[in-house]
Amino acid sequence: MHELRSLIRDVADFPKAGVTFKDITPLLAHADGMRCCVESLAAPWRESGIQAVCGIEARGFIFGAALAQSLGAGFVPLRKPGKLPAATVGVDFALEYGQDRLEVHTDAVRPGERVLLVDDVLATGGTLAAAVELMDRLDADLCGAAVVIELASLHGRANWHCAAPLHALVCYD
Ligand code: AMP
């Protein structure tokens with residue numbers, strides 16, 4: 001985890017003043033670091049019977065697709081508005097820096113399918129809460145969520161209202 005931290009770069013005042021952006025591109029570029037990251041993300045879920053990993057656009061796609069392969073599960077993209085071609089359901093939510101909306105294909109997850117949510121960063125928790133609501137709309141069986149980075153000072157866990165676990169690999173105060 002120490003090495004993982006060394007592969008996450010702080011970028012001050014991006015995308016706007018006052019925000020410290022957690023840049024994961026050094027991690028993505030490091031083959032061993034990335035393999036270790038994906039294995040660590042997958043470890044708590046190996047016996048959970050996950051059938052679909054739902055990754056949140058955009059960086060959640062990178063970790064989510066790798067995690068899905070590692071767990072032998074399918075991958076489902078949760079996308080920004082207007083990107084998915086077929087029928088969708090969507091949820092609007094507030095971000096640390098702005099407003100956004102997440103959409104998923106209505107047929108992406110079958111009712112009762114065991115799903116895991118994945119993103120790179122848990123900040124205020126609004127994005128993950130919207131993803132939980134999307135899974136509710138599809139009657140999925142939500143097993144939990146995995147994030148690479150948790151920003152504890154933004155109290156995102158307070159927005160996680162599920163009994164299912166939320167695991168973070170590295171937590172910043
Ligand atoms: P939130 O909904 O506030 O938990 O924000 C989480 C989403 O916004 C994730 O998809 C992240 O990719 C992105 N995000 C929020 N804050 C940051 C940050 N400080 N550094 C990098 N990404 C962030």
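The values are calculated or read from the model by the stated rules, or taken from the named source; none is laboratory data. Being a predicted model, the structure only gives us computed values, none of them experimental. Cβ placement follows ideal geometry from the backbone for every residue including glycine, while neighbour counts extend to all protein chains displayed. These accessible areas exclude ligands, DNA and RNA; they are computed on the full protein's heavy atoms, side chains included. Shrake-Rupley method; radii C 1.70, N 1.55, O 1.52, S 1.80 Å.
Going through Ser40, Ser48 one at a time, which residue ends up being farther than 24 Å from Lys80 by Cα and part of a loop (DSSP other than H, G, I, E, B)?
None of the others qualify; the one that does is Ser48.
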Some residue of the range 17-33 being at pLDDT below 95 and either open to solvent by less than 20 Å² (accessible area, probe 1.4 Å) or among the basic types (Lys, Arg) (or both): yes
Looking at Arg59, is it open to solvent by 60 Å² or more (accessible area, probe 1.4 Å), within 16 Å of the ligand (Cβ to nearest atom) and closer than 24 Å to Tyr172 by Cβ? yes
For Pro26, the lone unmet condition from (1) out of contact with any Lys or Arg (no Cβ under 8 Å at 6 or more places or on another chain); (2) without any contact (Cβ under 8 Å) to a residue 24 or more places away in the chain is (1)
In the range 51-76, which residue that is part of a loop (DSSP other than H, G, I, E, B) and free of Cβ contacts under 8 Å to residues at least 60 places away in the same chain is nearest to Val11 (Cα to Cα)? Ala58
Anything in the range 62-98 that is within 11 Å of the ligand (Cβ to nearest atom) and farther than 19 Å from Ala140 by Cα? List them, or say none. Ile62, Phe63, Lys80, Phe93, Ala94, Leu95, Glu96, Tyr97, Gly98
I need the full set of residues from the range 128-168 which are within 14 Å of the ligand (Cβ to nearest atom) and assigned to a strand (DSSP E or B), in order please. Ala145, Ala146, Val147, Val148, Ile149, Glu150, Leu151, Leu166, Ala168
